[in-house]
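Novice: Dropping a structure here in structure tokens format, bear with me for questions.
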Amino acid sequence: MPSDGKKGLKMAKSRISVDFNPKFFDGILNSAGVKALTTLAADRALAYAKASAPVDTGAYRDGLGIEEVKRAHRTTVMVVGHDPKTLLVEAQTGNLAKALRKAKV
């Protein structure tokens, strides 16, 4: 019997190594299909955010938009607000957060 002190079970120690090809994943993350999906999700989120935006002067709603940002391995698409009141409106209503949850592809 094995003498490992654990009810006669002997555990083999194994090491698993996985090597990733970063160029392969960069190609996928920068592909037209992935870009289309991220843009679709951003467009949906923007539509939900504008539709549910509280309107006083309309500046908050009209200041919502989409920006593409280049990152190290991919381009992200973000829904952003440019009105000075955006942070206040988001803190009080959660409008953008709610829109992002609804927009999942």
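Novice: Conditions: (1) surrounded by fewer than 17 Cβ atoms within 10 Å (Cβ to Cβ); (2) touching a strand residue (DSSP E or B) at 6+ places or on another chain (Cβ under 9 Å); (3) at pLDDT 95 or above. L64 meets all but one. Number of the miss?
Specialist: The single condition L64 does not satisfy is (1).
Novice: Out of the residues in region 90-105 that are loosely packed, with under 14 Cβ neighbours inside 10 Å and without any contact (Cβ under 8 Å) to a residue 40 or more places away in the chain, state the one that is farthest from T38 (Cα to Cα).
Specialist: Among them, the one singled out is Q92.
Novice: Go through region 51-72 residue by residue and tally those that are over 18 Å from the mean Cα position of the chain (by Cα) and either of a type in the set (S, T, N, Q) or part of a loop (DSSP other than H, G, I, E, B) (or both).
Specialist: Of the residues in that region, 8 qualify.
Novice: Would you check if D19 is without any contact (Cβ under 8 Å) to a residue 40 or more places away in the chain and either touching a Gly at 6+ places or on another chain (Cβ under 7 Å) or not hydroxyl-bearing (S, T, Y) (or both)?
Specialist: So D19 fits the description; yes.
Novice: Can you tell which of A41, A53 is touching a residue at least 60 places away in the same chain (Cβ under 8 Å) and either among the basic types (K, R) or surrounded by 15 or more Cβ atoms within 10 Å (Cβ to Cβ) (or both)?
Specialist: A41
Novice: So, in region 73-105, how many residues would count as being more than 14 Å from the chain's Cα centre (by Cα) and part of a strand (DSSP E or B)?
Specialist: Adding up the residues that qualify gives 1.
The values are calculated or read from the model by the stated rules, or taken from the named source; none is laboratory data. Here the structure is a predicted model, which means the values were calculated and not measured. All Cβ positions, even for glycine, are placed from backbone atoms using ideal geometry, and neighbour counts span all protein chains on display.
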